[in-house]
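First, the structure itself, so that you have it in front of you.
Bear in mind these aren't lab numbers, they're just calculated from the coordinates by the rules spelled out. These numbers were taken from a predicted model, which means no experiment stands behind them. Quick reminder, even Gly has a Cβ in these numbers, built from the backbone with ideal geometry, and neighbours come from all protein chains shown.
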Amino acid sequence: MIARGGENVKCDWCGVGLEPGESWQLLQPARNLGASFCRLEHVVPWLIRKDDWHIRDRVEVPKSAGADCAETGVELGENAFYLVRNRAGMEIADGFASKDAVLAWAKAGGRWARD
């Protein structure tokens, strides 16, 4: 997993229990911050209303993430955010230049809603 020794066992929005390796992880590696979700749809209200991060032992840039922002196309800097879908041992990561970019992308339905 990306965030070793600190992945949440409950969704940070609704509190439902998360199965190991079955979640969405919102990460900011530069600050060792993370949040966990059961659904992509829970990222949106969490960023708008709660935005309550957890400090994690170590957060790494996901190996499956690209070098450009998934929402804006700009090159990611050192303070990038990553939204990682973990499912059945697979990892799909998207990088973002800002929290606003994460929010816009998630509101639009994520990578599967794009043209």
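Between D57 and A113, take the C-beta separation as r, use R0 = 30 Å, and let me know the FRET efficiency to the nearest 0.05.
0.35
Hey, another quick one. Can you give the calculated 222 nm mean residue ellipticity of the chain, where each DSSP H run of n ≥ 4 adds -39,500 (n - 2.57) and the sum is split over every residue, rounded to the nearest 500 deg cm²/dmol?
-2000 deg cm²/dmol
In addition: If the cut-off is a Cα-Cα distance under 19 Å, which aspartates and glutamates reach K99, setting aside same-chain residues fewer than 8 apart in sequence?
Partners found: D12, E41, D51, D52, E60, D68, E71, E75, E78.
What would the Debye formula give as log10 I(q)/I(0) at q = 0.09, 0.18, 0.19 Å⁻¹ for the alpha-carbon point model of the chain, no solvent?
Debye curve over Cα of the chain, log10 I(q)/I(0) at q = 0.09, 0.18, 0.19 Å⁻¹: -0.19, -0.85, -0.96.
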